[in-house]
Amino acid sequence: PLRTGRPALWWSGLFESERQITVILFAHFLKASIVRGRIARGPLVGRATVATRIPAAIAGLLGALEHRPEPIHTREEFVGLMERLTEIKGLKLICADDIERQGELFSIVAEGMSVAELNDRLWRRHAIECRSGLHCAPLAHRSLGTSPAGTVRVSLSPYHTAEDLDFLAEAIEEVCS
């Protein structure tokens, strides 16, 4: 049978005991928890997200990590994309200094164009969906020197092909020219 909630996490082996899950949920979410058969309430009862959704999210994340898909494109193709983007005049690529430590998520800023406009052009002209702004990390952007405008964040997936990476580079080049 399908199991949900705290017992499902315990039975699936994510945690050593149901009590451990109860303590985690209570300590982190200050919502409500069952201790010795009674409901213990934290100071934020009614003001926080219902904690019972969290176990499903944790189980989903674990499942995704255990069954990670193999990328369709190669690491060399990704590095080639990054190198190609560094050659675009007026484009600032924000990524790791060491390409070997770079995940498949990076940011860009175009000279003379707001990040909102760059993001909008990528979407309207090429149906490439990105995110622009501070990405819930204003202090990181301050240290990068991209505050207050932020950047356009590009996130790749394992399902992108080498052709998709070429299309992305061509689109960015076109909207920056």
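No value in this document is a laboratory result; all are computed from the given coordinates. It should be emphasised that the depicted structure is a prediction, and the values quoted were computed from it without experimental measurement. Ideal geometry is used to build each Cβ from the backbone, glycine not excepted, and the neighbour counts take in all protein chains shown.
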Ranked list, fewest to most other Cβ atoms within 10 Å of each Cβ, for SER132, SER177: SER177, SER132
Whole-Hz couplings from phi, Karplus 6.51/-1.76/1.60, listed for the range 97-111; x for Gly and Pro: 5, 9, 4, 5, 9, 7, x, 8, 9, 8, 10, 9, 9, 9, 5
Candidates per chymotrypsin sites (Phe, Trp or Tyr not before Pro) in the range 115-177, loop by DSSP, up to 15 other Cβ within 10 Å: TYR159
Estimated vicinal HN-Hα couplings, Hz - the range 72-80 in sequence order (Karplus 6.51, -1.76, 1.60; Gly, Pro = x): 6, 8, 8, 5, 4, 5, 5, 4, x
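Hand me the trypsin sites (Lys or Arg not before Pro) from the range 76-174 located in a DSSP loop with no more than 13 other Cβ atoms within 10 Å, in residue order please. Spell out each step's value before the answer.
Working: sites: ARG84, LYS89, LYS92, ARG101, ARG121, ARG124, ARG125, ARG131, ARG142, ARG153; in loops: LYS89.
Answer by residue number: LYS89.
Find how much the distance from ASP120 to HIS135 grows on full extension, using 0.36 nm per residue of separation minus their present alpha carbon separation; answer in nm with one decimal.
Details: separation 15, 0.36 × 15 = 5.40 nm, distance 1.62 nm.
Difference between extended and current length: 3.8 nm.
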